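Peer 1: First, the structure itself, so that you have it in front of you.
The values are calculated or read from the model by the stated rules, or taken from the named source; none is laboratory data. Owing to the predicted nature of the structure, the values given are computational and were not obtained by experimental measurement. Cβ placement follows ideal geometry from the backbone for every residue including glycine, while neighbour counts extend to all protein chains displayed. Note: areas computed on protein heavy atoms with side chains; ligands, DNA, RNA excluded. Shrake-Rupley method; radii C 1.70, N 1.55, O 1.52, S 1.80 Å.
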Amino acid sequence: QSDSWITECGASSSVVRFINQAMQESLNIILVLVGQSVIEAVPELGKNGAEFMEVGFSQGRTGTRFTEIAVTVRPREMFEDGEDVDIEDLSLGVKAGDGCWTKVEESPVRIGKEKRMWRVKIVPCKEHLVRIGIKRDGCVEYFQYPEAVRPASTEQIANSHFRPRMPENISITQLGGDSVTVSWSPSECAESYELQYGNMTVSTELEVVPISGLENCTDYTLKIVALVGEKFSDEGEIDFSTCQVNYTDIVDIMTTEKIDDLPCETIDKHCELSTQRLEDFTTTQRLEDFTTTQR
């Protein structure tokens with residue numbers, strides 16, 4: 001009611017103030033209750049990824065697959081009130097070692113009524129972290145599984161049929177006429193490497209290897225493979241030569257050697273006479289021939 005209506009009813013000014021204050025307090029209570037209902041309408045996400053995720057090496061019919069991790073999610077348990085989740089709003093991210101987070105493009109498969117599962121190929125000698133992303137109100141919220149998937153052991157990797165990647169960035173540095181140094185980028189999880197050149201084979205666990213006893217000024221093709229257990233990579237290959245070129249001697253020859261004091265168009269093992277000197281030589285020869293004939 002308005003102040004005028006209350007006054008007309010004979011209420012005193014103190015009563016009017018009391019009624020106005022009570023109405024204002026009632027309005028504030030209503031606004032608070034409405035605000036709380038709006039807030040409570042937004043589903044609350046779980047705080048710990050372990051509450052709705054299972055992460056570990058995949059389990060196959062023949063045992064554990066150490067080259068693959070399985071991530072199982074119970075989407076309804078992500079929210080406090082068990083709200084339905086659109087699977088299209090979920091995404092999986094994986095981080096290997098010190099690398100960056102990588103989004104898994106494949107969609108999860110349905111396992112039973114309430115679960116979804118991703119199977120992700122990994123490098124078994126690295127530690128892996130896993131997180132789930134969910135789209136909400138135009139943003140993506142991430143929930144990381146609290147424990148990392150630890151690297152598999154050397155024996156487990158060797159028995160997992162893991163095939164290492166081909167050695168890359170192969171480089172040759174010449175040390176002399178019969179020796180070179182070979183280097184390349186490490187192949188992940190490799191136990192050793194095998195080098196082949198000529199009729200020689202060398203095994204090593206290093207990525208920098210000196211090679212000696214080569215034939216001087218000979219062309220070679222070097223091949224390298226990485227090994228894990230009985231599995232080996234594709235061949236990395238590079239061609240090189242042991243021919244040594246003394247650029248100082250070449251400069252000396254080019255700058256100091258003369259051929260019959262004749263100017264040369266080019267400096268090479270074979271020197272071409274200039275056209276002008278060749279014409280002079282021909283003219284002189286003809287004059288001598290003419291003089292002989294006259295005699």
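Peer 1: Check the range 144-151 and report whether any residue there is surrounded by 18 or more Cβ atoms within 10 Å (Cβ to Cβ), touching a Cys at 6+ places or on another chain (Cβ under 8 Å) and modelled with pLDDT of 90 or more.
Peer 2: Yes, because at least one residue in the range 144-151 is surrounded by 18 or more Cβ atoms within 10 Å (Cβ to Cβ), touching a Cys at 6+ places or on another chain (Cβ under 8 Å) and modelled with pLDDT of 90 or more.
Peer 1: Within the range 111-135, how many residues are over 25 Å from residue 162 (Cβ atoms), free of Cβ contacts under 8 Å to residues at least 40 places away in the same chain and either touching a helix residue (DSSP H, G or I) at 6+ places or on another chain (Cβ under 9 Å) or not small (Gly, Ala, Ser) (or both)?
Peer 2: Our first condition is that a residue be over 25 Å from residue 162 (Cβ atoms); within the range 111-135, this holds for 111-116, 132-135.
From what's left, free of Cβ contacts under 8 Å to residues at least 40 places away in the same chain: 111-113.
If we keep only those that are either touching a helix residue (DSSP H, G or I) at 6+ places or on another chain (Cβ under 9 Å) or not small (Gly, Ala, Ser) (or both) as well, we get 111, 113.
Residues meeting the conditions: 2.
Peer 1: A further question follows. Where the second residue is open to solvent by less than 30 Å² (accessible area, probe 1.4 Å) and modelled with pLDDT under 90 and the first is more than 20 Å from residue 129 (Cβ to Cβ) and lies in the range 41-65, which pairs have Cβ atoms under 8 Å and are six or more apart or on separate chains?
Peer 2: 43/79; 44/79
Peer 1: Evaluate the range 194-213: report whether one residue or more is touching a residue at least 40 places away in the same chain (Cβ under 8 Å) and among the hydrophobic types (A, V, I, L, M, F, W, C).
Peer 2: Checked the range 194-213: no residue is touching a residue at least 40 places away in the same chain (Cβ under 8 Å) and among the hydrophobic types (A, V, I, L, M, F, W, C).
Peer 1: Which of (1) open to solvent by 30 Å² or more (accessible area, probe 1.4 Å); (2) over 13 Å from residue 180 (Cα atoms) does residue 225 not meet, given it meets every other one?
Peer 2: Unmet for residue 225, out of (1) open to solvent by 30 Å² or more (accessible area, probe 1.4 Å); (2) over 13 Å from residue 180 (Cα atoms): (1).
Peer 1: Which of the residues spanning the range 75-92 are surrounded by fewer than 17 Cβ atoms within 10 Å (Cβ to Cβ) and either in contact (Cβ under 8 Å) with a residue 40 or more places away in the chain or under 16 Å from residue 122 (Cβ atoms) (or both)?
Peer 2: Hits for the range 75-92 are 83, 89.
Peer 1: While we're here: Could you figure out which of (1) in contact with a helix residue (DSSP H, G or I) (Cβ under 9 Å, 6 or more places away or on another chain); (2) at pLDDT 95 or above isn't true of residue 205?
Peer 2: Against the list (1) in contact with a helix residue (DSSP H, G or I) (Cβ under 9 Å, 6 or more places away or on another chain); (2) at pLDDT 95 or above, residue 205 comes up short only on (1).
Peer 1: Tally up the residues in the range 193-222 that are outside any loop (DSSP other than H, G, I, E, B), under 12 Å from residue 179 (Cβ atoms) and hydrophobic (A, V, I, L, M, F, W, C), please.
Peer 2: 2
Peer 1: Suppose we filter the range 173-193 for residues that are surrounded by fewer than 17 Cβ atoms within 10 Å (Cβ to Cβ) and over 20 Å from residue 97 (Cα atoms); how many remain?
Peer 2: Residues in the range 173-193 being surrounded by fewer than 17 Cβ atoms within 10 Å (Cβ to Cβ) and over 20 Å from residue 97 (Cα atoms): 10 in total.
Peer 1: Return the only residue of 164, 108, 146 being touching a Phe, Trp or Tyr at 6+ places or on another chain (Cβ under 6 Å) and not charged (D, E, K, R).
Peer 2: Details: 164 fails: touching a Phe, Trp or Tyr at 6+ places or on another chain (Cβ under 6 Å); 146 fails: touching a Phe, Trp or Tyr at 6+ places or on another chain (Cβ under 6 Å).
That would be 108, the only listed residue that is touching a Phe, Trp or Tyr at 6+ places or on another chain (Cβ under 6 Å) and not charged (D, E, K, R).
Peer 1: Let me ask something else. Residue 154 versus (1) open to solvent by 80 Å² or more (accessible area, probe 1.4 Å); (2) without any contact (Cβ under 8 Å) to a residue 24 or more places away in the chain; (3) more than 30 Å from residue 220 (Cα to Cα): which is the lone unmet condition?
Peer 2: If we test residue 154 against (1) open to solvent by 80 Å² or more (accessible area, probe 1.4 Å); (2) without any contact (Cβ under 8 Å) to a residue 24 or more places away in the chain; (3) more than 30 Å from residue 220 (Cα to Cα), just (2) comes out false.
Peer 1: Let me ask another. Taking the range 212-227, which residues are modelled with pLDDT of 95 or more and hydrophobic (A, V, I, L, M, F, W, C)?
Peer 2: Selection gives 222, 224, 225, 226, 227.
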